[in-house]
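A quick write-up on the structure given underneath.
Computed from the coordinates by the stated procedures, all read-outs in this text should not be read as laboratory data. Source: prediction; values computed, not measured. FYI the Cβ positions are ideal-geometry reconstructions off the backbone, even for glycines, and counts take in every protein chain you see.
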Amino acid sequence: MILNKYQVLKPLGAGRYGQVFQVRNLNLGLISALKIVLVTEPDRHKAVVEAQAQSLCGHDHVVEVRTADVFDSSVLIEMEFVEGGSLGDRLLREFVPVADSVSYVKHILYALEHAHARGIVHRDVKPGNIMLAPNGAKLSDFGTATHPSTGISVIDEFYMPHASPEAANGGSFSPASDVYATGLTLMRAINNMAAWGHIITDDGSWRNEVANGGIPALVGFPDYVPTPLKKILNTACAPGYGDRYPRAAAFRQALERLRFARRWVRLGPDEWSCEHAGKPEILRYLDGGQPRTEYVVNGRRRTEFCRTFPTEREARRALERAVASTTLVSTTRMTARRPSRTKIPDELPAYG
């Protein structure tokens, strides 16, 4: 299929604001990602996209916008094609270690610092807009971005599930709104939560939770997440604007103070694996008549974390807490900038 100057190779995804395809630019011979957006004022939309692209171009952690054209009452936005797909794609395919998710989000916070310094608020930070390139994560799709000081925006809508309470209630977006959305994105990533499950319901009741800042509490934390990271996310996702990190840089700096000792990978519901100091380590759940946990280093059983439990639930929680307690360097000391008024519960809701 040929569309304007593009040969369409395959669809990459579709959302509320347009469809994205992998294409070949026939004029330049480049493989690109092409977003097709139907808008009522395509010339204005094109002009705003081009202005934003010029402001954001050249940053290592922002997906490059190559051109924007008007074609058949649509805007065609040509972007660099990122072979690794999105964080949302990876969450659908496999378990993403906590260390990887934190690394990706630090890159995205760099991108947001760059955008905010130029007066641009993204308004659509989510796993599907974090592209995984060989040199790190890149923030994509500024299609709902706004420039608060002038009121100029590409489109008036925004991604409601990740909207901060102040934005959902009054439509007022700021860099702190992007901080909230990025914090919620990281929460979803460490939960390996590609979809919303029971949280986003057809009856629309979840919109009240967005307005009240209750979505992060519904997501919660699994037991394998280290406490210092929970504290950081409680601050990033604080419902009150004044309790949150005010800037992307403050959020990023808090994450950078974390020191990861182990990159645990969940092999299945009963087993975790990593390599530490050049040796393979395994934490597993066993049930040979009585639930128990086992810790194996370089093929040898270690007594640490090896225990029996009265119930399967207690054993599984102890397994994940062992993962949490060994993920970070033990000397790490982390404090959030301010305590959140609403603490996100440690208990993770059960949802598929």
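Below 18 Å, Cα to Cα, which lysines can K5 reach? Residues fewer than 8 away in the same chain don't count. Output for K5: K35, K46. Comparing A168, A137, A117 in a Gaussian network model of the chain, where Cα atoms under 10 Å apart are tied by springs, the biggest mean-square fluctuation is seen for A117. Among the lysines, select those whose C-alpha is under 21 Å from the C-alpha of K106, and discard any that sit fewer than 8 residues away in the same chain. Qualifying lysines at Cα under 21 Å: K126, K138, K230, K231.
At q = 0.14, 0.15, 0.26, 0.27 Å⁻¹ the log10 of I(q)/I(0) for the stretch 2-80 amounts to -0.43, -0.50, -1.36, -1.40, computed by Debye summation with a single uniform scatterer per C-alpha, solvent ignored. Ordered by the count of other Cβ atoms within 10 Å of each Cβ, fewest first, S103, S330 give S330, S103.
Cβ crowding within 10 Å ranks M193, M187 as M193, M187, fewest other Cβ atoms first. If all Cα-Cα distances of the chain are sorted into 10 Å bins from 0 onward, what percent lands in each bin, rounded to whole numbers? Whole-percent P(r) values from 0 Å outward: 5, 23, 30, 23, 12, 5, 1. Taking Cα pairs under 8 Å and at least six residues apart, what relative contact order does the chain come out at, in percent? So the answer I get is 13 percent. Positive-end ranking of Y224, S325, C57 along the dipole of the chain, with charges on Cβ about the Cα centre, is headed by S325.
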